[in-house]
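Taking it in order: structure first as structure tokens, then the write-up.
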Amino acid sequence: MDERVIGRSGQWASVVGLGTWQLGADWGDVDDKVALSVLEAAAEAGVTFFDTADVYGDGRSEQTIASFLRGRPDLHVLVATKMGRRVEQIPQNYVLDNFRAWNDRSRRNLGVDRIDLVQLHCPPTPVYSSDEVFDALDTLVAEERVAAYGVSVETCEQALTAIARPGVASVQIILNPFRMKPLREVVPAAREAGVGIIARVPLASGLLSGKYTKDTVFAADDHRTYNRHGEAFDQGETFSGVDYATGVEAAAEFAALAPEGYSPAQLALRWIIEQEGVTTVIPGARNPEQARANAAAAKLPPLPPQTFTAIRELYDRRIKAQVEHRW
């Protein structure tokens, strides 16, 4: 699979990575055997970038990745984790002592001395403007606790603030055919600054797979049940912030745009891969088949121009007014 450099870090990631939120929690139950088989399928398909966080299953996702990689010393996989969401979300918690403690825990979970890439995990907006915060992140690099650092953001404004920081290697942001605003300023600014873009929530929590209907019922412990209106965390993390009924209808239209040989999910992933300035896209997978199908999007033929036009028209007509003013 093709790889791209992650901005200023000098590290490389496969153009399709693997997001592992669902291997920890918040997506219904995934047992350990299935979780390991997902990691195996992704790696065998050429994925060299795993994205996780200390809060996914309170460390379970990190530990699962560590267990898998211990059994596969032949693999070269870059592992990025995130930190900051296990405490009250106030700027005062984003200090060096906490960073060191969070980093110690993640390094233990991952079984490594130095983490490849650590990202602030959608912190409060003032954090992105704090010199002290980024000085502390520089200290983690100087202490060889992390090789590089980046941020995960909710809004385009947060992303632009972070991109201006000279030490930021990457910005992780929601980008998909139902969330196009980052293409206007964020992705070009990152490209100009030499900052990597990690595209998350690429399938709009599964909406863009075309599998769901208005009658689909998700498990009680699935965020697609309990966070539709932002009850637990930012609403934009669930279905990209799109109203579910609207999303289902728009997803059906999106699925009809898939060229021959593409599934709707692969169309969404391919659309992201082909955006100039995107480093990697990190779909999740609940089983090996999904992991293999997602990775296969990297090898599909380029999309024809008329498909890009049709996707933009659908977004402008059905989605844009719901999301752009918020994120």
Filter result for Val242 (touching a strand residue (DSSP E or B) at 6+ places or on another chain (Cβ under 6 Å) and surrounded by 21 or more Cβ atoms within 10 Å (Cβ to Cβ)): no
Verdict on Ala219 being over 29 Å from Ser170 (Cα atoms) and free of Cβ contacts under 8 Å to residues at least 60 places away in the same chain: no
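Table: residues versus (1) in contact with a Cys (Cβ under 7 Å, 6 or more places away or on another chain); (2) in a helix (DSSP H, G or I); (3) open to solvent by less than 20 Å² (accessible area, probe 1.4 Å); (4) on the phi < 0 side of the Ramachandran plot.
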site	(1), (2), (3), (4)
Ser205	no, no, yes, no
Leu208	no, yes, yes, yes
Lys211	no, no, no, yes
Ala220	no, no, no, yes
Thr225	no, yes, no, yes
Arg228	no, no, no, yes
Ala232	no, no, no, yes
Gly236	no, yes, yes, yes
Gly247	no, yes, yes, yes
Complete set of residues in region 249-271 that are part of a helix (DSSP H, G or I) and of a type in the set (Gly, Ala, Ser): Ala250, Ala251, Ala252, Ala255, Ala265, Ala268
Neighbours by Cβ (under 7 Å, 6+ apart or cross-chain): first from region 299-327, open to solvent by 10 Å² or more (accessible area, probe 1.4 Å); second of a type in the set (Phe, Trp, Tyr): Leu300/Tyr262; Leu303/Trp271
Residues of region 276-295 satisfying the condition of being open to solvent by 30 Å² or more (accessible area, probe 1.4 Å) and either closer than 17 Å to Met1 by Cβ or touching a Cys at 6+ places or on another chain (Cβ under 9 Å) (or both): Gln290, Arg292, Ala293
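Pick from region 1-35 the residues that are in a helix (DSSP H, G or I), within 30 Å of Val141 (Cα to Cα) and in contact with a helix residue (DSSP H, G or I) (Cβ under 6 Å, 6 or more places away or on another chain): which of them is least open to solvent (accessible area, probe 1.4 Å)? Talk me through it step by step, then tell me what you get.
Looking only at region 1-35, we keep the residues that are in a helix (DSSP H, G or I), and these are 7-9, 21-23, 32-35.
From the residues that got through so far, the ones that are within 30 Å of Val141 (Cα to Cα) too are 7-9, 21-23.
After this cut, where a residue has to be in contact with a helix residue (DSSP H, G or I) (Cβ under 6 Å, 6 or more places away or on another chain) as well, the list is 21, 23.
On the way: Trp21: 41, Leu23: 2 Å².
Ranking the candidates gives Leu23 first.
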Candidate set: region 137-154, residues that are open to solvent by less than 10 Å² (accessible area, probe 1.4 Å), out of contact with any Lys or Arg (no Cβ under 7 Å at 6 or more places or on another chain) and of a type in the set (Val, Ile, Thr); chosen: the one nearest to Val171 (Cα to Cα): Val151
Number of positions in region 45-73 that are of a type outside the set (Val, Ile, Thr), within 19 Å of Val16 (Cβ to Cβ) and without any contact (Cβ under 8 Å) to a residue 60 or more places away in the chain: 5
Subset tally (residues that are open to solvent by less than 50 Å² (accessible area, probe 1.4 Å), in contact (Cβ under 8 Å) with a residue 24 or more places away in the chain, among the hydrophobic types (A, V, I, L, M, F, W, C) and in a loop (DSSP other than H, G, I, E, B)) for region 74-90: 2
Given (1) in contact with a helix residue (DSSP H, G or I) (Cβ under 8 Å, 6 or more places away or on another chain); (2) closer than 18 Å to Thr280 by Cα; (3) touching a residue at least 60 places away in the same chain (Cβ under 8 Å), index of the condition Gln172 fails: (1)
Subset tally (residues that are over 22 Å from Leu314 (Cα atoms) and open to solvent by 10 Å² or more (accessible area, probe 1.4 Å)) for region 193-203: 2
In region 91-133, the residues that are over 21 Å from Thr52 (Cβ atoms), hydrophobic (A, V, I, L, M, F, W, C) and either open to solvent by 10 Å² or more (accessible area, probe 1.4 Å) or not in a helix (DSSP H, G or I) (or both): Val95, Leu96
Candidates Ala66, Ala53 - the one that is open to solvent by less than 20 Å² (accessible area, probe 1.4 Å) and more than 14 Å from the chain's Cα centre (by Cα): Ala66
Residue satisfying all of: in region 249-258; open to solvent by 60 Å² or more (accessible area, probe 1.4 Å) and free of Cβ contacts under 8 Å to residues at least 60 places away in the same chain; farthest from the chain's Cα centre (by Cα) among these: Ala256
Test for Gln266: is it closer than 21 Å to Glu313 by Cβ and open to solvent by less than 40 Å² (accessible area, probe 1.4 Å): yes
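The values are calculated or read from the model by the stated rules, or taken from the named source; none is laboratory data. Note that the coordinates shown come from a computational prediction; the quantities given were computed from them, not determined experimentally. Cβ coordinates were reconstructed from backbone atoms using ideal geometry, including for glycine residues, and neighbour counts include every protein chain displayed. SASA here: full protein model, heavy atoms, side chains in, ligands and nucleic acids out. Shrake-Rupley method; radii C 1.70, N 1.55, O 1.52, S 1.80 Å.
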